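Engineer: Shown below is the structure under consideration.
Please treat every number below as a calculation from the coordinates, not as lab data. Please read these numbers as outputs of a predicted model, since none were measured by experiment. Glycine gets a Cβ as well: all are built from the backbone with ideal geometry, and neighbour counts include every protein chain shown.
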Amino acid sequence: MLDSFRSSILYDVLKLTSTLLLVFMLTAPATAGPGPPKRPDFPQGVSTTNPGNDLWREVRQRDLPVTGTSQVKGVDSGVLINVEGDRWARFRIDNPVRHAPTLLVAVVLVLLAFYVLRGKVGIEGGLSGRMVFRFTDYERSLHWCLAIVFLFLAITGLILLLGRTLMIPLFGHHLFSLIASASKEGHNLFGPIFLVSLLLMLVSFARRNIYEKGDLTWLLKGGGIVGKGHVSGGFFNMGEKSWYWLVILVGLAISISGLILVFPNFGQGRVIMMVSNVVHVFGAIVLIAVSIGHMYLGSIGTEGSSEGMKSGYVDINWAEAHHDRWAKTCHENDEILSAEEFARLQGNPIDSGDATTGAAND
Amino acid sequence: MIEYLIKGPLWYFSLAVFCIGVLWQMARIVFAKGKTDLSVARGSASSGAIRNVFSRFVPHREIAAQIRLQVVAGYMFHLGLFALLFFAAPHVHFLEKHLLGFGWTPMPHWAFIVAAQFAFFGLILLWLRRMLNSVSRLISTTDDHITAILTFVVMLTGCLALGKGFHALNLLHFFTVELLMVYFPFSCLMHAFTFIPSRAFTGAWFGRRGIDA
């Protein structure tokens with residue numbers, strides 16, 4: 001029976017088929033096409049390459065930053081996942097979010113130390129009570145408008161930048177999200193007001209802030225704050241001019257980058273917006289840090305300097321100490337008011353006997 | 001509880017104070033007894049009144065240069081505030097649903113933002129000018145400062161609530177509006193209702209005497 005089967009045609013067919021199957025099974029991996037690239041550092045015995053890896057590598061476009069095609073027409077619509085976004089997010093956390101609080105606290109501590117060591121920068125002979133006109137109502141209104149809007153933007157901006165790190169542990173997620181939402185709306189609303197104020201400031205003050213001969217000497221002598229020597233200055237000294245141009249230029253950079261961020265519908269891509277965010281954040285931190293110094297010098301740091309932006313008039317001794325070239329022209333043009341005249345202008349008439357030194361500045 | 005208080009009793013109380021207060025103040029003005037003018041009329045009181053109502057929208061040529069800031073900032077603030085008050089979508093919907101029963105087409109969101117920026121910029125400049133100019137500072141009263149600050153706070157809380165995600169911000173805005181409504185009839189904010197009668201009265205007086213002012 002078995003011999004007859006072995007001699008039959010059916011036996012030959014089965015034998016050939018099984019032989020072919022065996023050959024096919026042994027050679028199949030080599031003929032199925034190229035597999036995943038073999039990495040020399042990867043143990044060959046446990047090769048578990050996920051076939052989805054290639055797909056996701058293409059989707060993320062890490063190695064191949066090629067824009068795909070899409071039926072959706074728009075900026076970056078051919079990019080499924082922007083690789084730069086991840087890099088930007090890490091950069092933002094590692095740099096401004098981590099270092100901005102340190103920088104701002106350091107500025108405050110340095111000024112505090114300076115105040116303790118140096119004290120208020122006084123005027124030789126003290127305030128005289130005799131005043132000279134310096135800023136118009138419009139100029140002072142503009143200055144304070146810019147200052148108020150800047151402070152509002154600085155506070156809301158710092159909440160948005162640092163709030164997740166610093167405020168959530170204090171207030172919790174819900175209250176912080178409420179504050180952050182309000183800050184975002186307020187920040188976006190007041191941003192354009194800052195830009196308009198800045199442009200008006202540029203028009204009103206630019207001519208008097210052009211650098212001139214003698215400004216470098218002021219810088220080399222440290223503006224008179226370091227040391228005791230007298231430093232010559234015009235209507236604005238080198239420090240004030242530099243602060244002014246810093247505000248204008250960095251302020252414009254912050255404003256323009258802010259507008260790019262607020263209006264994403266004007267065709268700018270994500271990369272431009274990420275760069276704008278970096279410019280916006282770094283510019284703002286620099287401006288906030290330097291503005292703390294400006295506020296210090298304009299208030300408790302220097303005797304008599306706040307008066308100019310309050311009443312529009314400054315003491316002639318203050319002018320001679322910090323802006324001697326301008327004070328000289330005031331003397332020549334006979335523009336100096338007595339303490340009585342100044343008090344009358346301010347609506348606080350005083351008896352001539354009370355017009356002692358500094359009385360008008362109270 | 002707080003929401004019930006703000007949207008319930010406090011709302012009806014502030015609405016009542018506002019309406020009764022404004023009517024009472026206007027009635028006081030209308031029924032105030034003045035001296036009868038016995039002089040012979042040199043001109044038309046009516047035309048003087050109408051002329052004065054409109055001519056006061058533009059500053060006198062002689063002082064226009066000195067008060068440019070107040071005029072520009074004043075228009076920015078008042079027009080911005082008017083647009084916000086009557087054409088902001090949340091306000092139109094609120095008036096339609098809770099007070100009037102009908103509404104009108106609100107302005108688009110971008111116009112809302114621009115109007116708010118005009119109003120804020122104008123109000124800040126006006127208040128700063130009031131504080132920084134020695135004459136304005138002298139003639140300003142506590143009421144002027146309270147009014148400016150309260151108006152600013154109301155506008156600010158309204159704009160901070162634009163995100164719509166937080167009911168607490170809406171309630172805060174609602175509460176500040178109620179404070180403003182209670183304060184309104186007893187403050188210089190009443191000029192919103194009195195500025196036209198006041199101009200007309202002065203204009204009629206001038207017109208009758210033939211004063212071209």
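Engineer: Given bins 20 angstrom wide, list per bin the percent of all Cα-Cα distances in the protein assembly as shown, short to long.
Structural biologist: Cα pair-distance distribution for the protein assembly as shown, in percent: 14, 37, 29, 11, 5, 3, 1, 0.
Engineer: Here's a follow-up. What's the Kirkwood radius of the range B:122-213 in Å, using all Cα pairs?
Structural biologist: 15.7 Å
Engineer: Here is a further query. Kindly provide the Kirkwood hydrodynamic radius of the range B:16-66 in Å, to one decimal, from all pairs of distinct alpha carbon atoms. Numbers along the way, then the final one.
Structural biologist: Details: mean 1/r = 0.0680 Å⁻¹.
Kirkwood hydrodynamic radius for the range B:16-66: 14.7 Å.
Engineer: Still on this structure, please answer the following. Over all residues in B:67-77, what is the mean tally of Cβ atoms on other chains that come within 10 Å of each residue's Cβ? Before the final figure, lay out the partial values.
Structural biologist: Numbers: counts 0, 1, 5, 1, 0, 0, 2, 0, 0, 0, 0.
Rounded to a whole number, the mean comes out at 1.
Engineer: Which values, in whole Å and largest first, are the semi-axes of the equivalent ellipsoid of the range A:161-213 obtained as the square root of 5 times each eigenvalue of the Cα gyration tensor?
Structural biologist: Ellipsoid semi-axes (Å, largest first): 38, 14, 5.
Engineer: Let me ask something else. Just tell me the longest site-free run in chain B, where the sites are chymotrypsin sites (Phe, Trp or Tyr not before Pro) in a DSSP loop having at most 11 other beta-carbon atoms within 10 Å.
Structural biologist: That would be B:105-213.
Engineer: While we're on this one: Where does the Debye-calculated log10 I(q)/I(0) of chain B sit at q = 0.12, 0.15 Å⁻¹, using only Cα point scatterers of equal weight, no solvent?
Structural biologist: Per q value, in the given order, log10 I(q)/I(0) is -0.81, -1.17.
Engineer: With an 8 Å cut-off on Cα pairs and a minimum separation of 6 or more residues, tell me the relative contact order of the range A:68-206 in percent. Mind showing how you got there, number by number?
Structural biologist: Details: 45 pairs, mean separation 31.8, N = 139.
Relative contact order here is 23 percent.
Engineer: I'm a student and want to see the number: the projected area of the Cα convex hull of the range B:62-140, averaged over all directions, in nm².
Structural biologist: Seen from a random direction, the Cα hull of the range B:62-140 projects 6.9 nm² on average.
Engineer: Follow-up. Let me know the whole percent of all Cα-Cα pairs from the range A:180-264 that are separated by more than 19 Å.
Structural biologist: The calculated P(r) of the range A:180-264 puts 53 percent of pairs beyond 19 Å.
Engineer: Can you pull the semi-axes for the range A:99-249, root of five times each eigenvalue of the Cα gyration tensor, sorted largest first, whole Å?
Structural biologist: Here the semi-axes work out to 35, 22, 14 Å.
Engineer: Still on this model: How are the C-alpha pair distances of the range A:287-352 spread across 5 Å bins, as whole percents from the shortest bin up?
Structural biologist: Taking every Cα pair in the range A:287-352, the percentages come to 4, 15, 20, 21, 18, 12, 6, 4, 1.
Engineer: Where does helix B:191-209 land angle-wise versus the long Cα axis of chain B, in degrees 0 to 90, nearest 10?
Structural biologist: The helix B:191-209 is inclined about 10 degrees to chain B.
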